[in-house]
Amino acid sequence: MKISGVDIRPGNIIEYEGGIWKAVKIQHTQPGKGGAYMQVELKNLIDGRKNNVRFRSAETVEKVRLDTKEYQFLFADGDDLTFMDKESFEQILIHKDMVGDQAAFLTDGMDVMLEMYDERPLSVQLPQFVEHEIVEADAVVKGQTASSSYKPALLDNGVRIMVPPHITSGTRVVVDTGEVTYVKRAD
């Protein structure tokens, strides 16, 4: 499906210069002279390169539809992650770099969505919220409650997040995997 260059939004997958790119950031610019344009930061989904491109309203790009399929995370072996198709039970290996920093939140048996293009995995979408236990939390310093103060804490998967002062070691919390932030105390 063709779309105008100024209609690109963050998260859109487009075909540009023979590659598959994801729009990461956009900035609409309207200079005093000349026509308006969209400054788009693109990330190549195949090799990870980044590129900044200006698209004018007269330019069109091909918006790509990715197939999404549910997979189950089985295990990590070094830098390779093994996922299983929940319908056909076929296993595929994906390099840890494709998942990025969110790889720390993968747990055995977790259901994830894989975005595929021509039967080739391009990205892995984890559940938005996961539960983890706080294994280490700094003590609260008295007098630092004038503003909303957060303190650093270490999760059981080795990830550091900021939590409210009332959260202590051993507490289970809900974490946003996209932003890597504290959401609430687990029920």
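Can you pick out the pairs among 63/86; 22/151; 50/96; 2/22; 69/96; 151/184 whose Cα atoms lie more than 24 Å from each other? If you can, show how the numbers build up before the last one.
Numbers: 63/86 28 Å; 22/151 34 Å; 50/96 18 Å; 2/22 15 Å; 69/96 19 Å; 151/184 14 Å.
Distance filter (> 24 Å) returns 63/86; 22/151.
Carbon-plus-sulfur fraction of the accessible area of segment 72-136, 1.4 Å probe, in percent?
Values: 1650 of 3730 Å².
Using a 1.4 Å probe with all protein chains present, segment 72-136 comes out at 44 percent carbon and sulfur.
In the elastic network of the chain, a GNM with C-alpha springs shorter than 10 Å, the most mobile of 132, 166, 95 is 166. A dipole drawn for the chain from +1 and -1 charges on Cβ atoms has a positive end, and of 150, 29, 106 the residue lying farthest that way is 29. Extending 7 Å from the Cα toward the beta-carbon at both residue 181 and residue 138 defines two label points whose distance is 1.9 nm. Near residue 135, within a Cβ-to-Cβ distance under 12 Å, what is the net charge of the other residues, with Lys and Arg +1 and Asp and Glu -1? Residues close to residue 135 contribute a combined charge of -1.
For the pair residue 50 and residue 70, what calculated FRET efficiency results from E = 1/(1 + (r/R0)^6), where r is the Cβ-Cβ distance and R0 = 30 Å, to the nearest 0.05?
Working: r = 29 Å, r/R0 = 0.97.
The calculated FRET efficiency here is 0.55.
Largest first, the extents of the alpha carbon coordinates of the chain on the three principal axes equal 58, 52, 27 Å.
In a DSSP loop and with at most 14 other Cβ atoms within 10 Å, the GluC sites (Glu not before Pro) in segment 70-171 are 87, 90, 119.
The values are calculated or read from the model by the stated rules, or taken from the named source; none is laboratory data. These numbers were taken from a predicted model, which means no experiment stands behind them. Positions of Cβ are backbone-derived with ideal geometry, glycine not excepted, and every protein chain shown enters the neighbour counts. Just the protein is used for accessible areas: all its heavy atoms, side chains included, with ligands, DNA and RNA removed. Shrake-Rupley method; radii C 1.70, N 1.55, O 1.52, S 1.80 Å.
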